[in-house]
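A.B. asks: Let me give you the structure first, and then I'll get to my questions.
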Amino acid sequence: MSNGNQLSVNKEFLPKLLRIMLPIAFQNLMLASVAAADALMLGGLQQNFMSAVSLATQIQFVQNMFVSSIVAVEGILGAQYWGKKDFISLNKIFNITIKFSIIISLLFFLACMFFPRGLMIIFTNQEDLIEIGAGYLQIAGWSYLITGISQCYLGMMKVSDHPTMTAIISSCTVVLNILLNAVFIFGLFGIPEMGAKGAALATLISRIFELIWSVACSYKKNYIYPKLKYFFCRYKGLLWDFIKVLGPLIGAFLFWGIGFTSYNAFMGHLGEDVTAANSVAAVIRDLTCCFCNGLCTAAGIVIGNELGAGNLELGKLYGDKILKIGLVCSGIISLIMLALTPVVTHCVKLSESAGYFLTGMMLINSVYMYGRSLNTIVINGIFDCGGDTMFDMYSLAACMWGLAVPLAVLGTFVFSWPPLIVYACTCIDEVGKIPWVLHHYKKYKWVKDLTR
């Protein structure tokens, strides 16, 4: 590539990346702030409310592993077909995504409706937490059904060059959710105080609002809506392409999601103070992940557009640039986590023991977040956009399930290690696989055109 072309690429690359990344990062921040608001409001009433809801929402976390993997395939294939300007195939991908997502969301909805106590027993043996969490799930389960559909619409907006609208919809939804949280949790304006059930009801109403707005927005000019004629037709090769990318991706999401849910279950068996501290640490960790998640999504779209258009060398060049950006951003995120430690421990109302555990967890996370941020950007942003989805599953099988989960199981149920040692075991996998990730990147197996 000549110097002139290189200069042109540099001028185009960063504005495009920022235009996509910043709205998505802000959207992720707003979504994470709902969990933060729930924790603060419920913790203000009772520590057990906060702990129970944190454990109950692990059900949605697992559902999101399925839905997110489906929507991720929509993003991977959608970005390439958008780059190729093949809008018929793009609409078919949209319909495939919605059908898969409805099936998964319906299963989780039914589980929450009919087996809420059984779901809670997976995460804790504390009867008071089980009772609170079961009541939460029977209301929140309806929102899980709705969220699976709305995420398909928001995912397509990101791919089709409307990331700002997704940020606006999600931000307004979050604001509504937080306001309704205050009303229903504390019983404002004459409404009875509902506690954890109030948080569930607020989530349900705000998700209905989000779905209606997303569907209405998709019919605007220059947006893409799922045409009914493609919903019932057979897709032949396109469906196979979708499944081929989805297979290892959903395996990776399940490895990671079930592993992460297991970590919360371990914390739930170490006592109420450890559970409470982990609930707060998880919220802060999700907040600090927002920037790297935005960069990850933007990387997949920017590189995927070029790969789908057949510009493989340009896609490779963009990948090299994003890797360098990721190395720097991951360090900044780790420093932010470290700086937040005294602020969080001072602001959150916890028992003395829970406060001690929270401080230790925050310090451990300041190291963990470097690995998680970098791996998210490279694996889920760069590798996946070219269909290189097998690596994620392999690395999780080796590092999480071959190392972190067994150590945490031994520490929790066999050797009774101190809770912070067990927590550190759950964080070892992301840091440990950094060399492997960087080595795989240099093989450039992700530089592929997936379109037909």
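The values are calculated or read from the model by the stated rules, or taken from the named source; none is laboratory data. Quantities reported herein were computed from a predicted structural model and do not represent experimental measurements. Virtual Cβ from ideal backbone geometry, glycine too; neighbours counted across all protein chains shown. The area values use the complete protein model at the heavy-atom level, side chains included, leaving out ligands, DNA and RNA. Shrake-Rupley method; radii C 1.70, N 1.55, O 1.52, S 1.80 Å.
A.B. asks: What number of residues within region 317-346 are surrounded by fewer than 17 Cβ atoms within 10 Å (Cβ to Cβ) and among the charged types (D, E, K, R)?
C.D. replies: Going through region 317-346 one residue at a time, the tally reaches 2.
A.B. asks: Assuming Asp128 fulfils every condition listed in (1) farther than 19 Å from Ala200 by Cα; (2) touching a helix residue (DSSP H, G or I) at 6+ places or on another chain (Cβ under 8 Å); (3) open to solvent by 60 Å² or more (accessible area, probe 1.4 Å) apart from one, which condition is it?
C.D. replies: Result: Asp128 passes all but (1).
A.B. asks: Any residue that is open to solvent by 10 Å² or more (accessible area, probe 1.4 Å), of a type outside the set (Phe, Trp, Tyr) and within 30 Å of Leu249 (Cβ to Cβ) - is there at least one of those in region 413-422? Break it down into steps so the answer makes sense when it comes.
C.D. replies: Looking only at region 413-422, we keep the residues that are open to solvent by 10 Å² or more (accessible area, probe 1.4 Å), and these are 413-421.
Within this subset, residues satisfying the condition of being of a type outside the set (Phe, Trp, Tyr) are 414, 416, 418-421.
Then keep just the ones that are within 30 Å of Leu249 (Cβ to Cβ); that gives none.
No, the conditions are met nowhere in region 413-422.
A.B. asks: Related question: Would you check which residues across region 253-267 are open to solvent by less than 10 Å² (accessible area, probe 1.4 Å) and either modelled with pLDDT of 80 or more or in contact with a His (Cβ under 7 Å, 6 or more places away or on another chain) (or both) and list them?
C.D. replies: Matches in region 253-267: Gly259, Met267.
A.B. asks: When region 202-241 is examined, which residues are found to be open to solvent by less than 30 Å² (accessible area, probe 1.4 Å), small (Gly, Ala, Ser) and either within 18 Å of Gly148 (Cα to Cα) or at pLDDT 90 or above (or both)?
C.D. replies: Within region 202-241, Ala202, Ser206, Ser214, Ser218 qualify.
A.B. asks: Could you tell me which of the residues Val215, Val159 is touching a Gly at 6+ places or on another chain (Cβ under 8 Å), among the aliphatic types (A, V, I, L, M), under 19 Å from Val67 (Cα atoms) and in contact (Cβ under 8 Å) with a residue 24 or more places away in the chain? Break it down stepwise before answering.
C.D. replies: Details: Val215 fails: touching a Gly at 6+ places or on another chain (Cβ under 8 Å).
Criteria check complete, one pass: Val159.
A.B. asks: Taking the conditions exactly as written (modelled with pLDDT of 75 or more, surrounded by 23 or more Cβ atoms within 10 Å (Cβ to Cβ) and among the β-branched types (Val, Ile, Thr)), does Val62 satisfy them or not? Talk me through it step by step, then tell me what you get.
C.D. replies: Numbers: modelled with pLDDT of 75 or more: yes; surrounded by 23 or more Cβ atoms within 10 Å (Cβ to Cβ): no; among the β-branched types (Val, Ile, Thr): yes.
No; evaluated as a whole, the condition is false for this residue.
A.B. asks: How many residues does region 281-301 contain that are over 30 Å from Lys448 (Cα atoms) and either open to solvent by 10 Å² or more (accessible area, probe 1.4 Å) or out of contact with any helix residue (DSSP H, G or I) (no Cβ under 7 Å at 6 or more places or on another chain) (or both)?
C.D. replies: The initial filter retains those residues of region 281-301 that are over 30 Å from Lys448 (Cα atoms), namely 281-288.
Filter once more, keeping what is either open to solvent by 10 Å² or more (accessible area, probe 1.4 Å) or out of contact with any helix residue (DSSP H, G or I) (no Cβ under 7 Å at 6 or more places or on another chain) (or both): 282-288.
So the answer is 7.
A.B. asks: To continue, here is another question. Regarding Met113, is this residue under 24 Å from Thr57 (Cβ atoms) and open to solvent by less than 10 Å² (accessible area, probe 1.4 Å)? So that I can check it myself, show each step before the final result.
C.D. replies: On the way: under 24 Å from Thr57 (Cβ atoms): yes; open to solvent by less than 10 Å² (accessible area, probe 1.4 Å): no.
Criteria not met by Met113.
A.B. asks: Right, another one. Would you point out which residue out of Asp429, Asp449 is touching a residue at least 12 places away in the same chain (Cβ under 8 Å), touching a helix residue (DSSP H, G or I) at 6+ places or on another chain (Cβ under 8 Å) and closer than 22 Å to Ser334 by Cβ?
C.D. replies: Result: Asp429 is the single residue among Asp429, Asp449 that is touching a residue at least 12 places away in the same chain (Cβ under 8 Å), touching a helix residue (DSSP H, G or I) at 6+ places or on another chain (Cβ under 8 Å) and closer than 22 Å to Ser334 by Cβ.
A.B. asks: Could you pull out the residue among Gly386, Gly381 that is under 18 Å from Leu249 (Cβ atoms), in contact with a Phe, Trp or Tyr (Cβ under 7 Å, 6 or more places away or on another chain), in contact (Cβ under 8 Å) with a residue 24 or more places away in the chain and small (Gly, Ala, Ser)? Give the steps one after another, and end with the answer.
C.D. replies: Values: Gly381 fails: in contact with a Phe, Trp or Tyr (Cβ under 7 Å, 6 or more places away or on another chain).
Answer to the check: Gly386.
A.B. asks: Looking at region 140-179, which of its residues are open to solvent by 40 Å² or more (accessible area, probe 1.4 Å), polar (S, T, N, Q) and farther than 28 Å from Leu107 by Cα?
C.D. replies: Answer for region 140-179, where residues must be open to solvent by 40 Å² or more (accessible area, probe 1.4 Å), polar (S, T, N, Q) and farther than 28 Å from Leu107 by Cα: just Thr164.
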